[in-house]
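First comes the structure, then the notes that go with it.
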Amino acid sequence: MQSNFGKSLEKIFSSLDNVNRFSKALIKYGTLIFILVFAVGCVLAVLNLTVLDFNVYRDFVAKSIVKTSFTLLAEAVIGGLIIDYVINK
């Protein structure tokens, strides 16, 4: 079981190494944008719970920002992989 998992990971990493430069850049910068937006949402949520007076609308915005950050990450990764597939086909 463990050896199959290791082989699967090697296969995934070798496939990701063969991705073209544009797709790698798209995934890289999409991940950086995800981290930035996610951090902003988390900071806003923590500030709303601790320092600032609790506001339902601010809480909703913070949670929406965090959810949106994951959507941005998924779009960047999936978009980069689809672009790579189309270009290499």
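The values are calculated or read from the model by the stated rules, or taken from the named source; none is laboratory data. What you see is a predicted model, and the numbers here were worked out from it, not measured in a lab. Virtual Cβ from ideal backbone geometry, glycine too; neighbours counted across all protein chains shown.
With respect to the conditions (1) touching a residue at least 60 places away in the same chain (Cβ under 8 Å); (2) not in a helix (DSSP H, G or I), Asp84 falls short on a single one, namely (2). Residues of segment 58-89 that are at pLDDT 95 or above and aromatic (Phe, Trp, Tyr): Phe60, Phe70.
Per-residue answers, yes or no, for (1) under 30 Å from Lys89 (Cα atoms); (2) surrounded by 11 or more Cβ atoms within 10 Å (Cβ to Cβ):
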site	(1), (2)
Ser8	yes, no
Leu26	yes, yes
Val37	no, yes
Leu44	no, yes
Thr68	no, yes
Leu72	yes, yes
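When segment 46-60 is examined, which residues are found to be among the β-branched types (Val, Ile, Thr) and either surrounded by 14 or more Cβ atoms within 10 Å (Cβ to Cβ) or in a loop (DSSP other than H, G, I, E, B) (or both)? Residues satisfying the conditions are Thr50, Val51.
Considering segment 71-81, and only residues there that are without any contact (Cβ under 8 Å) to a residue 40 or more places away in the chain and not polar (S, T, N, Q), the residue that is farthest from Asn18 (Cα to Cα) turns out to be Ala74.
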